[in-house]
1. Select from the range 49-84 the residues that are charged (D, E, K, R) and touching a helix residue (DSSP H, G or I) at 6+ places or on another chain (Cβ under 6 Å) and list them in ascending order.
2. Considering only the range 54-71, state which residues are part of a loop (DSSP other than H, G, I, E, B) and within 17 Å of T6 (Cα to Cα).
3. If only one of I77, I44, I50, I114 is assigned to a strand (DSSP E or B), modelled with pLDDT under 95 and within 19 Å of K10 (Cα to Cα), which one is it?
4. If T47 passes every condition in (1) touching a strand residue (DSSP E or B) at 6+ places or on another chain (Cβ under 7 Å); (2) buried (at least 18 other Cβ atoms within 10 Å of the Cβ) but one, which one does it miss?
5. Which count do you get for residues in the range 94-111 that are in a helix (DSSP H, G or I) and either in contact (Cβ under 8 Å) with a residue 40 or more places away in the chain or not aliphatic (A, V, I, L, M) (or both)?
6. Is one or more of the residues making up the range 10-28 within 16 Å of the chain's Cα centre (by Cα), part of a strand (DSSP E or B), within 24 Å of H102 (Cβ to Cβ) and modelled with pLDDT of 95 or more?
7. So, Y39, is that one aromatic (F, W, Y), part of a loop (DSSP other than H, G, I, E, B) and either touching a residue at least 12 places away in the same chain (Cβ under 8 Å) or surrounded by fewer than 16 Cβ atoms within 10 Å (Cβ to Cβ) (or both) or not?
8. Can you tell me which of (1) of a type in the set (A, V, I, L, M); (2) part of a helix (DSSP H, G or I); (3) farther than 19 Å from Y4 by Cβ is the one V91 doesn't meet?
Amino acid sequence: MSHYTTITTKLIAVETIKEALKEMGFSIKCGENLPLYNYMGDKISKTADIVISRQQLNSASNDIGLKKVGNSYEIIISDYDSAKIKTKNFVKDLTQKYAYLHVKKELARTNFSIMKEYVLEDGTIQIMAER
């Protein structure tokens, strides 16, 4: 049986989280207190509000969950999947995609137009905007 780790994030906008995960190629289930399953299909004791099913990862993976705690979301991931998908990269990629989408929404909301976008060699995204 896998041990599960909880990773605190600063992600707060659920619709932006969902959009970011979808853009990363994941199909997700959303609701309150959704069950999480291990690689054998057994329900574990933890629940989540957003679930990435284990079938999307590999045959030995467990579900990955995001659960709202206070004002932000925590990622619930097994140690096995943490090593397999390189959790640091998953969290970094999700955070970057979330921030990118959030900035674009805020720019549109405040009547800015995006003029250019650049992706630097290190993966940093730069956005030039004007009114």
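1. Within the range 49-84, the subset charged (D, E, K, R) is 49, 54, 63, 67-68, 74, 79, 81, 84.
Within the range 49-84, just D63 meets the criteria.
2. Let us first name the residues in the range 54-71 that are part of a loop (DSSP other than H, G, I, E, B), namely 57-63, 70-71.
Selection gives S61, N62, D63, G70, N71.
3. Working: I44 fails: within 19 Å of K10 (Cα to Cα); I50 fails: modelled with pLDDT under 95; I114 fails: within 19 Å of K10 (Cα to Cα).
That would be I77, the only listed residue that is assigned to a strand (DSSP E or B), modelled with pLDDT under 95 and within 19 Å of K10 (Cα to Cα).
4. (2)
5. Keep residues of the range 94-111 that are in a helix (DSSP H, G or I), which gives 94-109.
Next cut, either in contact (Cβ under 8 Å) with a residue 40 or more places away in the chain or not aliphatic (A, V, I, L, M) (or both) only: 94-98, 100-102, 104-106, 109.
Selection size over the range 94-111: 12.
6. Step one: filter the range 10-28 for residues within 16 Å of the chain's Cα centre (by Cα), giving 10-28.
Then keep just the ones that are part of a strand (DSSP E or B); that gives 28.
Keeping just the survivors that are within 24 Å of H102 (Cβ to Cβ) gives 28.
Subsequent filtering for residues that are modelled with pLDDT of 95 or more retains 28.
Yes, the range 10-28 has at least one match.
7. Numbers: aromatic (F, W, Y): yes; part of a loop (DSSP other than H, G, I, E, B): yes; either touching a residue at least 12 places away in the same chain (Cβ under 8 Å) or surrounded by fewer than 16 Cβ atoms within 10 Å (Cβ to Cβ) (or both): yes.
It is true that Y39 is aromatic (F, W, Y), part of a loop (DSSP other than H, G, I, E, B) and either touching a residue at least 12 places away in the same chain (Cβ under 8 Å) or surrounded by fewer than 16 Cβ atoms within 10 Å (Cβ to Cβ) (or both).
8. (3)
The values are calculated or read from the model by the stated rules, or taken from the named source; none is laboratory data. As the structure is a prediction and not an experimental result, all values here were calculated from the model. Neighbour counts are summed over all protein chains in view; Cβ atoms, including those assigned to glycine, are modelled from backbone coordinates with ideal geometry.
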